[in-house]
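Heads up, the thing below is written out as structure tokens.
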Amino acid sequence: MSSPLMTWRPRLTVRLRLTLSYAGLLVVAGGVMACILWLVFRIVPNYPFTAANPRDERPAPTRGEILDLTVRLSAYAIGFLAIVGLVGGWFLAGRMLKPLQEITAAAQRASTGALDHRIGLTGIRDEFTDLSDTFDAMLDRLQASFEQYRRFAANASHELRTPHAVMKTMLDVAQADPSHQDVPELVKRLAETNQRGIDIVEALLSLAALNNREVELDPVDLSAVVRTALPVLTSEARAAGITVETALAESVVEGNEILLHQLVTNLVQNAIRHNLGPGGSVTLALSPGRLIVRNTGPVLDPAQVRTFVEPFAKDRYGAGHGLGLALVARIIETHHGTLDLTPNPTGGLTAT
């Protein structure tokens, strides 16, 4: 571990360095001009000077005297330039670096967790305004991400607690009056509730796995993936009284076959489970590079539809844990694709 003395470094601010640079540039420029004048007088031939007025008793200055005077005046001028450079450079550098102070203050506030502050520099577009706009955009993304994670943590704790609370209630009721319990029915309900908890945990693990790994993409026949998943999905739809219509064209995409199978399964299951029930329908259409799943259902608010890709997004008008479309969105992002959710005018949702 290094000591504070070894890690200490002298602080030389940018403002001070700019000031010294301005002053140094003026001094160097003045020195160069003085040297040029001195050289000019040095190469002037040493002719005797004659006074313009013969009655003038003062002797004409010699070249040496002129050189000495030039050196003294140059020294005074260089000193004056140094003072002007230091004073003027200090104020000029401060004015130029003022936007940087605002950016630094915003960064310090963000480091404490306050992400609601924005810099918003105005005026002429330059490097500082570009940095300000980039920093504000980063804060927007960070704030949105933190808010999403807060909602995720709150909803995850609620969703994971709910199955256990339900099972505890059923067991407490059974324990209070064991003789009047339908044991097979109780076991069935406990199994269903337990399975719901398992589904939530597995979905969370799948979502975490997608966030922490790179996926190798290979050519995959998406139509074959859909046909493989359809038997189980149509069976689930038939049990719910929902018809499934398909229009499949050949489509080969770059992707991961296992993840694409999960994508198709989650999309269609979501369309089945959040439907009208008996009499509802699901339409599955596949064209080159595009998969469309449309279902019937209640009329949805477009503002609510935009939240459906967030984990545990509720108001799904049906059963489920709110992770299906979040997984779909993450799989599509992994495959560098896009997901468009559009509420149907007559009810239901179209996922493209």
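Any read-out appearing in this document is the output of simple, stated calculations on the displayed coordinates, not a laboratory observation. In this text the structure is predicted, and so the values were computed from the model without any measurement. Please note: Cβ atoms are built from the backbone with ideal geometry, for glycine as well, and neighbour counts cover all protein chains shown.
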Checklist entry - Ranked from highest to lowest mean number of other Cβ atoms within 10 Å per residue, what is the order of the peptides 125-131, 293-299, 326-332, 181-187? => result 326-332, 293-299, 125-131, 181-187
Checklist entry - Using modelled amide H (1.01 Å from N, peptide plane; none on Pro or chain starts), what sits under 5 Å from the amide H of Leu248, excluding residues fewer than 5 places away? => result Leu286
Checklist entry - How would you rank 264-276, 101-113, highest first, on the average number of other Cβ atoms within 10 Å across their residues? => result 264-276, 101-113
Item to check | Over region 218-351: Rg over Rh, Cα atoms, Kirkwood Rh | outcome: 0.94
